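Remarks on the structure that follows.
The values are calculated or read from the model by the stated rules, or taken from the named source; none is laboratory data. Given the structure is predicted, the values throughout are model-derived calculations rather than measurements. Glycine gets a Cβ as well: all are built from the backbone with ideal geometry, and neighbour counts include every protein chain shown. Keep in mind that these areas ignore ligands, DNA and RNA; they rest on the heavy atoms of the full protein, side chains included. Shrake-Rupley method; radii C 1.70, N 1.55, O 1.52, S 1.80 Å.
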Amino acid sequence: MPKQPDPSRRSERSRQAILAAARELVSEVGYAKLSIEAIAARAGVGKQTIYRWWRSKGAVVFDAFLALSEAEDGVALPDTGDIEADLKAVMRATVAEFADPAFEAPIRALNMEIIDDPDLAALYREKLAAPVDEAKKARLRSAQRAGQIAAGADLDLALELLYAPLYQRWLLRSGPLTPEYADALVDLMLKALRPI
């Protein structure tokens with residue numbers, strides 16, 4: 001008897017093709033010109049397949065971006081015991097990621113959608129921002145226990161001090177995103193948070 005195809009495998013293959021098509025097209029044509037029809041054609045699926053899983057092109061772009069950031073073992077920052085070295089490694093990787101066209105186009109598109117779509121903004125906070133922020137705070141708590149950061153430091157504010165300037169520079173294209181810039185942000189944040 002012939003072996004029947006596995007529909008879940010076919011669905012996952014279609015899903016991955018859709019996400020790859022969305023990433024490619026948003027990089028090639030920009031978010032404004034991106035359409036569900038173009039994504040479907042590039043992925044080799046019907047547009048009804050896309051609408052079965054996503055309610056809008058913004059939701060597709062979000063998942064395409066999220067797929068770039070997913071890690072097999074979840075999100076965790078390095079913890080070598082040296083908070084300065086660990087944060088510099090993370091910030092340098094973040095700067096490199098924001099400068100990568102494969103990452104930049106979908107995240108710019110996602111930011112445009114988040115501004116006008118409160119539901120997508122909530123989904124972004126829940127599925128991406130919150131887990132990543134929690135991993136960052138876990139690393140900062142470890143540094144607090146080691147006496148490298150003040151015990152009473154507000155960790156949410158610490159993350160804003162570290163990441164907001166990077167995000168603003170990237171968003172407004174007001175300056176280069178370099179490893180030296182990443183290091184300077186870490187130095188300033190740690191100077192503000194060191195125990196007295």
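Odds and ends about this structure:
- Listed by position, the helices (runs of 4 or more DSSP H) contained in the range 13-120 that have at least 3 residues being closer than 30 Å to Ala146 by Cβ and either open to solvent by 30 Å² or more (accessible area, probe 1.4 Å) or modelled with pLDDT of 90 or more (or both) are 83-99.
- Failed criterion for Lys137 (all others in (1) under 21 Å from Val61 (Cα atoms); (2) modelled with pLDDT of 95 or more; (3) not aromatic (Phe, Trp, Tyr) hold): (1)
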